[in-house]
Amino acid sequence: MTLLKVLQSESTLGSVSEEIVCLGYISTHGMPSHLLLYLFIWNTADVRQIFYNQFGGIEPRLLQLSHNYRSHAGVLRLAACVVELLYHFFGNSLDKLPPDLGLFSGPKPVIMDVANTQELVLMLQGAKRETSRIEFGAHQVVIVRNENAKQAVAEEFGVDPDWVMTVQESKGLEFDDVLLYNFFSDSPAGDLWRVASSYSESDIAAYYQDSTVSASGVEKYDWESPLLTETRHLDFNSDQHKILETELKQLYTAITRARVNIFIAETDRESSRPMFNYFQRRCVVDVMSQDNDTEEEGLSNVRVFGAMNTVEDWRSRGEYYLRNAEGERQAGCLRLAAKCFDKAGEPKRRDYALAFLSFTEIDEQDSSKLKGKQGVEFKEKLYSITEQLLEARDVGFLNKAALCLLKTGEQEEYTAQLFELYARLSYTQRISDLSEEGEVVLPLAQSVHEKKYFGYAAKLFAKCSEQRGIKFDLSLDAFRNYVSAGLYDEAAELITFGILTTNNEESLAAVLEMCVLKGEPLEPTAPFRKDFKHKTEKARPILDAVKNAMMDY
């Protein structure tokens, strides 16, 4: 089954065709999660060819972005060595792209050769050796494999667990300093990492002679043969070693979270030795131990963790965590945001972040079973959180306030107004951002996210109208939000069932005014008016409903 047939079978082709195939990636924003699997089984060339075959025209040219603007060359060289293993062992599962190039040189990642946690803490603290715990700056993190490791590390290091993240939680975030701890020791692949020893210098030479790789201008590689403790050789078997594909991708993700420094430490030397040997032969890491941690060549003069940060550092980092509070990492990012604001001396911003956190926690609770005093207290808490979120006067909190208020089961018209206000402000902000980049074309189609909240508003307005014996103004509010959400069938029903046309001709005139007058091109209803004017198939239900209503008069 081709990708397009899969999408068509799920009735999503209309939205997906608006996405952009560019730079080797497909934007999947708003795509149903059950379809993402289908996207990832094709490489870029397959997807590009499918779209070209379906839509015709000039075959799109794949534009590669070769420069990485986040990490420096030292981090990128280590990441590139991981990608080489992916290409070598699992070449059919991903496109072969040239290595990322860093705009700046930088320090090599550091392997911390330590015997225990105490040694590691002292080495990371550098000259600041009066404490046995790691103190975190605004841009630092420890990355581990799983939740169990996360809790254990927090206890061993004596650190706040929110400054420890799993690889999954760290996706999409970036930090100046990253400590990758026990990645190989806790790996489910176990001793399968020994297959790295089968990747030889001749394999590397062949990789760099490949036309795709050499096109980037990277033509040389480093390979040395230092005296290392060897591991038992293991030949690669694609059926038995499939887990390494996922593991290598996880490793790449963890490494590329670092902007400046990455430190890699393991408690199980046998598990880590195959990859550590590989990295050392490739000359992409430095190795630091207690023996060579001296004033001249070690980390003693570098205060790696616990670096001094300014108030602005903490404030901006708090905003960063607030913007990235989503998915699995939402609660952790909100706690970090609150702590950063606290260190920045901004108690109000801290309290807003904590209110957001309270919302996420209460949103997961089932209030239907709460009776009597418990129900009253729960509702009071909802109102308190709503008030705090609204006091922030932050668009990013507005939808949370509306969702919180919705759980009370009261004030539904006001809740609908909040949903619409949030969607309109988000829509306007996106137009403003695109205008600054010179990329806006009006009328701008609503995003999936914006449509969702216009839809929430429409349904609540319609519900309020029905509860009050069909109020025209509320029904018109529902119509406006339905069309803004792209829910044309639901909007048409308000006309067909006489909800918007029962009073008099003035009611119909108000509906027609929303449909046909030129209006403001920045309004969220502008895309609908364009559809209505051009009599698109999508707008057919409303066109037919209006036509029939006019015949009745």
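Summary of computed values
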| item | result |
| --- | --- |
| In order through segment 330-336: 3J(HN,Hα) via Karplus (6.51 cos²θ - 1.76 cosθ + 1.60), integer Hz, x for Gly, Pro | 4, 4, x, 5, 5, 5, 5 |
| Under-5 Å amide H pairs with Cys283, H placed in peptide plane, nonlocal only | Glu224 |
| Long-range amide H partners of Ile262 with built H, under 5 Å | Val110, Val178 |
| Rounded to whole Hz, the Karplus (6.51, -1.76, 1.60) HN-Hα couplings of segment 178-187, x for glycine and proline | 10, 9, 8, 10, 6, 5, 7, 4, 9, 6 |
| Label-point gap, in nm, between Ala445 and Asn116 - each point 7 angstrom along Cα→Cβ | 6.2 |
| Convex hull of segment 411-553 built on C-alpha atoms - directionally averaged projected area, nm² | 8.3 |
| Backbone N under 20 Å from the Asp235 label point (7 Å along Cα→Cβ), restricted to segment 188-203 | 191-203 |
| Two-site label geometry, Glu391 and Glu319: point separation in nm, points 7 Å out along Cα→Cβ | 2.2 |
| Under 5 Å, built H, 5+ apart or other chain: amide partners of Asp113 | Met288, Ser289 |
| Which of Trp223, Trp193 has the fewest Cβ neighbours within 10 Å, and the rest in rising order | Trp223, Trp193 |
| Backbone HN-Hα couplings from phi across segment 164-172 [Karplus 6.51/-1.76/1.60, Hz, Gly and Pro as x] | 10, 10, 6, 4, 4, 5, 7, 4, x |
| Spin-label model distance (nm) - Phe378 vs Glu224, 7 Å beyond Cα toward Cβ | 6.4 |
| Charge tally in the Cβ shell below 11 Å around Phe528, where Lys, Arg are +1 and Asp, Glu are -1, Phe528 excluded | +3 |
| Extension gain from Glu270 to Lys530, taking 0.36 nm per residue of separation minus the Cα-Cα distance | 87.0 nm |
| Length gained when the stretch Glu506-Glu410 is fully extended (0.36 nm per residue, less Cα-Cα span) | 31.4 nm |
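Every number here is computed from the coordinates shown, using simple stated rules; none is lab data. What you are looking at is a predicted structure, and each value in this text was computed from that prediction instead of being measured. As a convention, Cβ positions derive from the backbone with ideal geometry for all residues, glycine included, and neighbour counts pool all protein chains shown.
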